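To start, the structure itself, in structure tokens.
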Amino acid sequence: MKRGNVSRKVAASVMTGAIMVSMAGMSVCAAPIVGDGDHAIEAVPVQKTVTTDGHTYAPDTSFSFRVANGGEGTFEGNVVSAGVTGGLAADENAVFTPSGTTPLASYTAHGSLAVDGSVFTSPGVYHYLVTEASGDYEGMDYDNSTYDVYLYVYNSNNGLYVGNAVSVKNGDKADLAFTNDYGAREDN
């Protein structure tokens, strides 16, 4: 084998490894866009992260989410209708239980929002607001973020269905993810 070919293969291997390592920290839970438009979606995933001081076990609690109908307007050039009650609803809580032998700096759990295409009467884009329900777990600093979630309702031979959901935070597409502080900050 020629020396040049070996150098290129080693360089390619190093680059592949670097790409894989850089991707390891990427979020894989809830993409800002769920669905492909061609198939009905039944749920929108929600990620919940609890950060600690690194010496604290996961809290023994669950976190729930609230969904409210958003208002009319526009989004990415589309006319948006107010959400229809029941089209997007809190479905599954993010549940934490203390476990393991070593405390971690953060813990992650997943919940979901249920999607029901049968409540819509016409195709279009529908707007919802998603927040975390505040709780009373001692020492927990709850996330007060609000996400705009847009459901894209399509027409097919079998009726209406929700084919996409897009989550937006502060005007930018963003994962539907809430982070709570459970002792990570020195003042908490």
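Summary table
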read-out: Odd one out for Asp91, checked against (1) open to solvent by 40 Å² or more (accessible area, probe 1.4 Å); (2) part of a strand (DSSP E or B); (3) modelled with pLDDT of 95 or more; value: (3)
read-out: Ser122 in contact with a strand residue (DSSP E or B) (Cβ under 6 Å, 6 or more places away or on another chain), in contact (Cβ under 8 Å) with a residue 24 or more places away in the chain and not in a helix (DSSP H, G or I); value: no
read-out: Pick from region 125-136, criterion in contact (Cβ under 8 Å) with a residue 60 or more places away in the chain and either within 18 Å of the chain's Cα centre (by Cα) or surrounded by 18 or more Cβ atoms within 10 Å (Cβ to Cβ) (or both), ranking: farthest from Asp148 (Cα to Cα); value: Ala133
read-out: Restricting region 64-81 to residues that are touching a Gly at 6+ places or on another chain (Cβ under 7 Å) and among the polar types (S, T, N, Q), the residue that is surrounded by the fewest Cβ atoms within 10 Å (Cβ to Cβ); value: Asn69
read-out: Exclusive hit being out of contact with any helix residue (DSSP H, G or I) (no Cβ under 9 Å at 6 or more places or on another chain), part of a strand (DSSP E or B), closer than 20 Å to Ile33 by Cβ and open to solvent by 20 Å² or more (accessible area, probe 1.4 Å), set Tyr161, Tyr150; value: Tyr150
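The values are calculated or read from the model by the stated rules, or taken from the named source; none is laboratory data. Computed from a predicted model, the values in this text were never measured in an experiment. Please note: Cβ atoms are built from the backbone with ideal geometry, for glycine as well, and neighbour counts cover all protein chains shown. Just so you know, the surface numbers come from the protein's heavy atoms only, side chains and all, with ligands and any DNA or RNA stripped out. Shrake-Rupley method; radii C 1.70, N 1.55, O 1.52, S 1.80 Å.
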